[in-house]
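The values are calculated or read from the model by the stated rules, or taken from the named source; none is laboratory data. It should be emphasised that the depicted structure is a prediction, and the values quoted were computed from it without experimental measurement. Because the Cβ atoms are built from the backbone with ideal geometry, glycine has one as well, and the counts that use them run over all protein chains shown. Just the protein is used for accessible areas: all its heavy atoms, side chains included, with ligands, DNA and RNA removed. Shrake-Rupley method; radii C 1.70, N 1.55, O 1.52, S 1.80 Å.
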Amino acid sequence: QVQLVESGGGLVQPGGSLRLSCAASGSIFSTYIGRWYRQAPGSQRELVAAIFYGGATYYADSVKGRFTISNDSAKNMMYLQMNSLKPEDTAVYFCNAARARDNYWGQGTQVTVSS
């Protein structure tokens with residue numbers, strides 16, 4: 001069983017930056033698809049970004065050009081660099097790692113963008 005733990009959330013002003021981290025209890029990011037999701041109050045969980053084998057990435061249109069997903073397989077870490085944050089980015093952010101029938105989630109970290 002793999003455990004994922006997010007960190008790095010907090011309160012930031014519009015236009016600011018945060019870097020979220022996702023620590024895995026095992027070496028998975030070289031063979032699993034890594035994803036960041038977010039869920040705002042009253043909304044469904046939505047996919048923000050994904051990183052695939054070989055390093056290809058995907059971004060939701062709402063964050064393209066502002067967020068960057070990356071991983072460090074040697075450290076069992078995945079990251080989400082978030083720049084030019086907007087109030088509408090406020091949500092709980094979850095990391096996810098999936099492969100075949102395996103699907104692991106972190107507990108989430110709150111990001112609040114407000115002046």
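Structure notes:
- With 0.36 nm allotted per residue and the present C-alpha distance subtracted, the Val2-Thr112 stretch has 36.8 nm of extension available.
- Note on Asp72 and Lys86: the model spin-label points, each 7 Å out from Cα along the C-beta direction, lie 3.0 nm apart.
- Placing a pseudo-label 7 Å from each Cα along the Cα-to-Cβ vector at Gln39 and Ala23 gives an inter-label distance of 2.4 nm.
- Here the extension length gained between Asp102 and Tyr53 equals 16.1 nm, from 0.36 nm per residue of separation less the Cα-Cα distance.
- Average accessible area per residue (Å²) across segment 1-76 - probe 1.4 Å, nucleic acids and ligands excluded: 54
- Our coupling estimate for segment 15-26, obtained by passing each phi through the Karplus curve with A = 6.51, B = -1.76, C = 1.60 and θ = phi - 60°, is x, x, 10, 9, 10, 8, 10, 10, 9, 9, 7, x Hz, Gly and Pro reported as x.
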